[in-house]
Amino acid sequence: MATGALPGRDMERFLQEALAFVGWTEADAVAVRGSAPLVLAREAALTSALYDHFLSMPDSARFFLSPDGTPDRTRLERRKHSLARWLKETAQAAITQDSAYYLLMIGLSHSHRAQGPDRPGGTVPARMMVGAMSLTQTALAGIFAEALPPADALTASVAWNKLLLVHLNALLLGYLPKEHR
């Protein structure tokens, strides 16, 4: 962004500048908020589908397995709850100081994840963060295509994509060396 400030010092400004860079407008915010009920009505299906996908891939399943190699249902339910919270926060289409630092916290919890008995798998690779966002964008586009007239579905998808990629920018900060943030 133009200021060169470290994002962690002023995450809200960092994300506002990122939104400006992607051409975010008030119309985009209205489109996200207007389509939010469609997304939130399918929150359980969305989160379950994403975690089912993670479990179908050995490289990502390792983060959600018990020591005996079976899915850790308690951990999965906590992660689904966290993803649902993020969806609800995102659906508000507002970048505030609290929401900006919430995104940074999520990113750091994935990029600086110590491996241990209660946290199998270690650090989540950045490629999985990108892939998870792609899966989310694809699922949202499907919801909008199914529930909205084509022009409205496109408007909602474009707006959510802008916002989600700005979120991804924040989520990936912990993976970058300081000089590239």
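Brief remarks on what is shown
- Which listed residue, of 163, 168, is crowded, with 19+ Cβ neighbours inside 10 Å, free of Cβ contacts under 8 Å to residues at least 60 places away in the same chain and out of contact with any His (no Cβ under 9 Å at 6 or more places or on another chain): 168
- Some residue of segment 22-34 being out of contact with any strand residue (DSSP E or B) (no Cβ under 6 Å at 6 or more places or on another chain), hydroxyl-bearing (Ser, Thr, Tyr) and under 16 Å from residue 144 (Cα atoms): no
- Note on segment 142-176: among residues that are more than 12 Å from residue 19 (Cα to Cα) and modelled with pLDDT under 95, the one that is nearest to the chain's Cα centre (by Cα) is 171.
- Selection within segment 35-48 - assigned to a helix (DSSP H, G or I) and either in contact with a strand residue (DSSP E or B) (Cβ under 8 Å, 6 or more places away or on another chain) or buried (at least 18 other Cβ atoms within 10 Å of the Cβ) (or both): 35, 36, 39, 46, 47
- Filter pass, residue 77 being surrounded by 17 or more Cβ atoms within 10 Å (Cβ to Cβ) and assigned to a helix (DSSP H, G or I): no
- Residue match in segment 49-60 (condition: over 28 Å from residue 176 (Cβ atoms), crowded, with 18+ Cβ neighbours inside 10 Å, hydroxyl-bearing (Ser, Thr, Tyr) and touching a residue at least 60 places away in the same chain (Cβ under 8 Å)): no
Conditions (1) of a type in the set (A, V, I, L, M, F, W, C); (2) within 18 Å of the chain's Cα centre (by Cα); (3) within 24 Å of residue 141 (Cα to Cα), marked per residue:
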{"position": "9", "(1), (2), (3)": "no, no, no"}
{"position": "19", "(1), (2), (3)": "yes, yes, yes"}
{"position": "40", "(1), (2), (3)": "yes, yes, yes"}
{"position": "53", "(1), (2), (3)": "no, yes, yes"}
{"position": "59", "(1), (2), (3)": "no, no, no"}
{"position": "65", "(1), (2), (3)": "yes, no, no"}
{"position": "77", "(1), (2), (3)": "no, yes, no"}
{"position": "82", "(1), (2), (3)": "no, yes, yes"}
{"position": "97", "(1), (2), (3)": "no, yes, no"}
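- The residue pairs whose first member lies in segment 86-98 and is over 17 Å from residue 25 (Cβ atoms), whose second member is of a type in the set (Phe, Trp, Tyr) and part of a helix (DSSP H, G or I), and whose beta carbons are closer than 7 Å, counting only pairs six or more residues apart or on different chains, are 89/102.
- Boolean, residue 138 is crowded, with 19+ Cβ neighbours inside 10 Å and at pLDDT 90 or above: no
- Pairs where the first residue, in segment 125-145, is over 11 Å from residue 50 (Cα atoms) and the second is crowded, with 16+ Cβ neighbours inside 10 Å and charged (D, E, K, R), C-beta under 9 Å, 6+ apart: 143/42
- Evaluation of residue 45 against the conditions (1) over 20 Å from residue 146 (Cβ atoms); (2) without any contact (Cβ under 8 Å) to a residue 12 or more places away in the chain shows that the sole unmet condition is (1).
- Tally of residues being aromatic (Phe, Trp, Tyr) and within 15 Å of residue 128 (Cβ to Cβ) across segment 56-89: 2
The values are calculated or read from the model by the stated rules, or taken from the named source; none is laboratory data. Everything numeric here is computed off the predicted structure, so don't read it as measured data. We place every Cβ from the backbone using ideal geometry, glycine too, and count neighbours over all the protein chains shown.
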